[in-house]
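Everything below concerns the one structure shown next.
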Amino acid sequence: MMMNFIPRCQLLVVFLASTVLTRPMSAFNFKFQVKRTLRMSNTPLKSVPSLIVFDLDNTLWTPELYQLRKLQRNNQYPVAHKDVKLFPAARDVINAIKKDPENKFSNTKFAVASRTKSVEWAHDLLDQFELRDLFHYVEIFPGNKKQHFRNLKEQSG
């Protein structure tokens, strides 16, 4: 099956089985779905994604890193919570999954797929925001997102 891909989507939920299916979903809708799923205490889940992939720029945080050229010209790194801010909905989604009391997401892996040219900055910001440990797979390099997903499919099985 050919992997369909919608550029600039806010959040991709990836279900990996023998093929990859990507479905764009806004952070708000995903947050709603996560909360709804977590509230289903007596109902067995019919499906929980095996892999959730986040983009970085304008998905987890803002602004996009290329917009911080002034810092780059001054050989400075962006500072989390000052130059770059996490979106509140993104933080809520991450916290809801991390604090899942019923471990419904215990077998779900998390990944980052970002095609930024500011690779070192992106890695540094993941550390500054203390998000690094959440992600099982990190694909950050310029180029084509399709390659990120090919790599993720290969790495995650």
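The values are calculated or read from the model by the stated rules, or taken from the named source; none is laboratory data. Note that the coordinates shown come from a computational prediction; the quantities given were computed from them, not determined experimentally. We place every Cβ from the backbone using ideal geometry, glycine too, and count neighbours over all the protein chains shown. Heads up: the accessible areas ignore ligands, DNA and RNA and are worked out on the full protein's heavy atoms, side chains in. Shrake-Rupley method; radii C 1.70, N 1.55, O 1.52, S 1.80 Å.
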- [ ] With a point put 7 Å past each Cα toward its Cβ, work out how far Thr62 is from His81 in nm, to one decimal.
- [x] 2.0 nm
Open item on the list: Quick check: net charge around Leu51, other residues with Cβ under 10 Å of its Cβ, Lys/Arg +1 and Asp/Glu -1?
Closed with: +2
Open item on the list: Take Phe135 and Ser106, extend 7 Å from each Cα along the Cα→Cβ direction, and tell me the distance between the two endpoints in nm.
Closed with: 2.6 nm
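Given the Cα-Cα distance of Lys98 and Ser156 and 0.36 nm per residue of separation, how much length would full extension add, in nm? Mind showing how you got there, number by number?
Working: separation 58, 0.36 × 58 = 20.88 nm, distance 1.98 nm.
My answer for the length gained is 18.9 nm.
Nearest 5 is fine: what % of DSSP beta bridges in region 44-157 come out antiparallel, could you say? Don't jump to the answer; show the numbers that get you there.
Working: 2 of 12 bridges.
Around 15 percent of the beta bridges assigned by DSSP in region 44-157 are antiparallel ones.
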Open item on the list: If R₀ is 35 angstrom, what is the calculated FRET efficiency for the pair Lys146 and Val48, using the beta carbon separation as r and rounding to 0.05?
Closed with: 0.90
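So for Tyr66, Tyr77, what's the accessible-area order with a 1.4 Å probe, most first?
On the way: Tyr66 120, Tyr77 100 Å².
Result, largest first: Tyr66, Tyr77.
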